[in-house]
Amino acid sequence: MIIANWKSNIIDVNNWYTNFNNFYKSMSDSAIIGVAPPTIYLDKLVTNLGKGDSEIKVGVQDVDHLYGSRTGTISVDMIIETGCRFAIIGHSERREIFHEDNNLIKEKLKSLNKRAMVVLCVGETKEENEKGLTKDILKNQLEIVNKLELDKEFIVAYEPVWAIGSGLTPEPKDINEIHKYIKDVVQSNSANNLSPKILYGGSVTDKNAESFFREKFVDGALIGGASLDGTTFAKIVNIFNTIKKL
């Protein structure tokens, strides 16, 4: 799966979609494509794509685990009614800026599980990486899946915090090793021993995507800055489809 995370950026949805379509090369076994726009664009994007009929699935960048008197939040029921197919949870920016912890992220996972596709973000800081703590940090963040029977579409996105928007990335072989580790942790600790698909995120571009996608345990990407341009995002999807067909 290749997911565009537009974050809190202003996007001309019609222009983005036109540019994407002009460069996207659909294949019979193409990757699942997802776009997570700012919430204010959800209705426009879903209307553009159709509710579930397009090759592009619309999702949200975050969700609330409750509903009702919670001003400013979006509930799971609301995103499903709108036509959304997935939700990103646990992004490092939510953890850092909004102080979300494992307890809250686990509640979000439980509220979404088997209702909408979950994309759980995990990743370590540069300091943690340099101290050799990456696997310890990831194991701690992944504790929220322990003893849960996960939906078969459950996805983990590995996003080293230090790689997001920095232009820096781990070596592809190191990413591959971490992805295998994440798969093993989730499979060992989830109630149904699920081995999830793992996406890589963190300064993915059309220039470096090929090196990541050639790794065995890289099942796709969660893309930030490079996804803001429909042409660039289409090129990344095309690269993925070509490599994973080899």
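None of the figures in this text is laboratory data; all of them are computed from the coordinates on show. Owing to the predicted nature of the structure, the values given are computational and were not obtained by experimental measurement. Ideal geometry is used to build each Cβ from the backbone, glycine not excepted, and the neighbour counts take in all protein chains shown.
Roughly speaking, what is the centre-to-centre gap between the range 1-42 and the range 115-186 when only Cα atoms are used, to the nearest Å? So the two Cα centres are separated by 23 Å.
Per-peptide packing, taken as the mean over residues of other Cβ atoms within 10 Å, places 118-126, 35-43 in the sequence 118-126, 35-43 from highest down. As a size descriptor, the averaged projected area of the C-alpha convex hull of the range 114-246 was calculated at 8.1 nm².
Would you mind counting up the charge near Tyr67? Only other residues with Cβ under 15 Å from its Cβ, with Lys and Arg at +1 and Asp and Glu at -1.
-1
Proximity of backbone amide H atoms, modeled 1.01 Å from N, is registered between Gly224 and Asn5, Gly202, Ser203, Val204 at under 5 Å, excluding neighbours fewer than 5 places apart on the same chain. For the chain, a Gaussian network of Cα nodes joined below 10 Å ranks Gly59, Gly224, Gly165 by mean-square fluctuation, and the top entry is Gly165.
Approximating the spin labels as points 7 Å out from Cα along Cα→Cβ, the Asn14-to-Glu210 distance works out to 3.6 nm.
Backbone geometry of the range 209-223 corresponds, through the Karplus equation with coefficients 6.51, -1.76 and 1.60 at θ = phi - 60°, to 3J(HN,Hα) couplings of 4, 4, 5, 6, 5, 6, 7, 4, 9, 8, 9, x, 8, 10, 10 Hz, x marking Gly and Pro. Note on Asp184 and Arg115: the model spin-label points, each 7 Å out from Cα along the C-beta direction, lie 3.5 nm apart. Once the Cα-Cα distance is subtracted from the 0.36 nm per residue extended length, the Lys147 to Asp101 segment shows a gain of 14.7 nm. In summary, the helical segments of the chain meeting the span-like criteria, namely a full DSSP H run, a Cα extent along the axis of 18 angstrom or more and a mean Kyte-Doolittle hydropathy of at least -0.5, are 230-245.
Given R₀ = 41 Å, what would the calculated FRET efficiency be for Glu171 paired with Tyr67, taking r from the Cβ atoms and rounding to 0.05? List each step's numbers first, then the result.
Working: r = 43 Å, r/R0 = 1.06.
In this case the efficiency is close to 0.40.
Its DSSP H runs of at least 4 residues, each contributing -39,500 (n - 2.57), put the calculated 222 nm mean residue ellipticity of the chain at -11000 deg cm²/dmol, to the nearest 500. Look at the Cα gyration tensor of the range 79-138: its axes a ≥ b ≥ c give a/c of at least 1.5 with a/b over b/c, and that counts as prolate. The share of Cα pairs per 10 Å bin across the chain, counted from zero up to the longest distance, runs 7, 34, 38, 19, 2, 0 percent. Summing +1 for each Lys or Arg and -1 for each Asp or Glu among the other residues whose beta-carbon sits under 10 angstrom from that of Asn241 gives +2.
Does the range 200-246 come out rounded, prolate or oblate, given a ≥ b ≥ c as the square roots of the eigenvalues of its C-alpha gyration tensor, rounded meaning a/c under 1.5 and, failing that, prolate meaning a/b above b/c? Oblate.
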